[in-house]
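Any read-out appearing in this document is the output of simple, stated calculations on the displayed coordinates, not a laboratory observation. Here the structure is a predicted model, which is why all the values come from computation and not from measurement. Counting neighbours? That spans all protein chains shown, and the Cβs are built from the backbone with ideal geometry, glycine included.
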Amino acid sequence: MYTIIQHASIVNERSVRIGCVVLKGKYIEALIYNNPTKEELVKKYGPSSAYIDASGQYLIPGIVDDQVHFREPGQPEKGTMETESRAALLGGVTSVFDMPNNVPAATTVLALEEKYKRAAKSMYTHYAFYMGATNTNEKEVLSKDLPGCGLKIFMGSSTGNMLVDDPEVLNIYFKEFKGLIATHCEDETAIRENLKAARAKYNEDIPWIEHGTIRSRKACISSTTDAIEMALRHKTKLHILHVSTKEEIGLITSARRVFDGISCEAALPHIWFSEEDYREHGSHIKCNPALKTPSDRDAILQGIENRWIQVIGSDHAPHTLAEKQNKYEKAPSGIPLIQHTCNMLMELVAQGRLSITHLAEACSHEPARLFGLRNRGFIREGYYADLVLVDPGKRHLVTKQSLETGCQWSPLEGFDFSSSVTHVFVNGTLAVKDNNIIEKPSVTALL
């Protein structure tokens, strides 16, 4: 039996065109732009096929999220592969690349293989995992048998004890690792100095607005500069995650003119919030790198439009509400946002701050190219049917009761989005309908 999506505004490869998409099994059977009538389709595909009238709705490729923290193994109170991938599905995300800062951290081949075994049983989305770098695991990182989507290097400390700050070790990784290196770029020395000054001024009562002073723009720019210099020296395939300053965008854009193996990502926290939002949300939006100014946020959106920024990721990072309610130094950094990825980006489209074609480019096309995903990330005949239907006129109110994430809170609670995700297909299976998961789809280890 076929599934036929009719009259959709198909967002694909820098165009929006009214058309019809025919699914058969796991694949896109046909992509038809002359918008045939229901009678013509029934004649060709039969009356028993499933027909979806998508008039007024956008059909986009499934979102490929290059940066998530699903907290398994080791922290089920924050989230599991099952809870967080269910949340991802509701956000229109059909593929995720999960970070290594688990408990224990994925810093050995054995630990990485164990995550793949867990995922095969639990995940509701396609998946791949990063290997984690440390100052001492070069042998594991450079193993010929290493699975995964790339190597994650924390050049600034974040959740988990995985800081890599030995210059010799960093040089080895950038020189010898043959896959993609994804970096968290913040200068740890600068952060420690800034934190010391904040403690002297405020003692334990450091205000949330100081987070951007402690984890400063200078710390981001300095570390990003170092990463770029090493990548240019060794021709490393470098992907800089969650850029947060306009200066970093300029540095990366200039570097790409010399070597196009360098790319970068903008994360949802830095696209949606700015440091001004600490007044309302406090610890709930504490994340690393810190939120910066509204002009930095605007520069990030402009960077996506100009393709100076190649990828959008969620940096979904759940923590318990009890943890987040601690004082500054004890409250962990990270925000759970993946369940509303599509809603958030469509809101920016509605506001005229992001074009829908660039949404598809940065969320689907470019991640598929960058990570070498075969037959995914585009709406093409013969490709896997990972697809999302979005109704731009159907509102969606975020409530605590609707949250799938294991931590059971979101800074977006109470926000009334102007659009809704109505259908999500994964490998041709209709997994989500009207913001409800109706079936666990068959998913794939991508890398």
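Could you give me D for the chain, from Stokes-Einstein at 25 °C and 0.890 mPa s, where the hydrodynamic radius is the Kirkwood radius over C-alpha pairs? Units µm² s⁻¹, please.
On the way: Rh = 22.1 Å.
Value of D from the Cα-based Kirkwood radius: 111 µm²/s.
Which one of Thr94, His211, Ser419 has its Cα pushed farthest toward the positive end of the charge dipole of the chain, where Lys and Arg give +1 and Asp and Glu give -1 at the Cβ?
Thr94
Between Lys327 and Phe415, what length comes free when the chain is fully extended (0.36 nm per residue of separation minus the Cα-Cα distance, one decimal in nm)? Show your work: numbers first, answer last.
Values: separation 88, 0.36 × 88 = 31.68 nm, distance 2.56 nm.
Stretched out fully, the Lys327 to Phe415 stretch lengthens by 29.1 nm.
Considering amide H positions built from the backbone, and no H for Pro or chain starts, which residues 5 or more places from Ser420, or on another chain, come under 5 Å of its amide H?
Asp391, Gly393, Lys394
List the lysines whose Cα sits under 28 Å from the Cα of Lys237, skipping any in the same chain fewer than 8 residues away.
Lys115, Lys117, Lys139, Lys144, Lys152, Lys175, Lys178, Lys218, Lys246, Lys292
Would you calculate a helix-derived [θ] at 222 nm for the chain, using -39,500 (n - 2.57) for each DSSP H run of n ≥ 4 and dividing by the full residue count, to the nearest 500?
-9000 deg cm²/dmol
How about the range 132-235: which GluC sites (Glu not before Pro) there lie in a loop by DSSP and see at most 10 other Cβ atoms within 10 Å?
Sparse-neighbourhood loop GluC sites (Glu not before Pro): Glu204.
Compute the separation of the alpha-carbon centres of the range 188-237 and the range 257-304 and state it in Å as a whole number.
With the range 188-237 and the range 257-304 each reduced to a Cα centre, they are spaced 15 Å.
How many angstrom separate the Cα center of the range 396-445 from the Cα center of the range 63-110?
Taking the Cα centre of each part, the range 396-445 and the range 63-110 sit 16 Å apart.
With the crude spin-label approximation of a point 7 Å out along Cα→Cβ, what separation in nm comes out for Ser402 versus Tyr202?
3.3 nm
Roughly what % of DSSP beta bridges within the chain run antiparallel, to the nearest 5? Provide the component values of the computation, followed by the final result.
On the way: 32 of 67 bridges.
Close to 50 percent.
Once you put a point 7 Å from the Cα of Asp166 and another 7 Å from the Cα of Thr213, both along the Cβ direction, what distance in nm separates them?
3.6 nm
What size of dipole, in debye to the nearest 20, comes out for the range 59-158 about its Cα centre when the only charges are +1 on Lys and Arg C-beta atoms and -1 on Asp and Glu C-beta atoms?
Details: 10 positive and 12 negative charges, 19 e Å.
Computed charge dipole of the range 59-158: roughly 100 debye.
Using amide H atoms built 1.01 Å from N in the peptide plane, name the residues 5+ places from Tyr51, or on other chains, whose amide H lies under 5 Å from its own.
Amide H neighbours of Tyr51, under 5 Å, 5+ apart: Ile4.
Can you work out ³J(HN,Hα) from phi for every residue in the range 84-89, in order, using Karplus 6.51 cos²θ - 1.76 cosθ + 1.60 and θ = phi - 60°, giving whole Hz and x for Gly and Pro?
Here the 3J(HN,Hα) series is 6, 6, 5, 4, 4, 4 Hz.
List the GluC sites (Glu not before Pro) within the range 82-123 that DSSP assigns to loop and that have no more than 12 neighbouring Cβ atoms inside 10 Å.
Answer in residue order: no site qualifies.
Pull out the extension gain between Asp260 and Ala445, defined as 0.36 nm times the separation in residues minus the alpha carbon to alpha carbon distance; nm, one decimal.
Working: separation 185, 0.36 × 185 = 66.60 nm, distance 2.71 nm.
Using 0.36 nm per residue and subtracting the Cα-Cα distance, I get 63.9 nm.
Considering only DSSP states other than H, G, I, E and B, which chymotrypsin sites (Phe, Trp or Tyr not before Pro) in the range 1-76 qualify as loop sites with at most 12 other Cβ atoms within 10 Å?
Of the chymotrypsin sites (Phe, Trp or Tyr not before Pro), the ones in loops of the range 1-76 whose Cβ has at most 12 other Cβ atoms within 10 Å are Tyr33.
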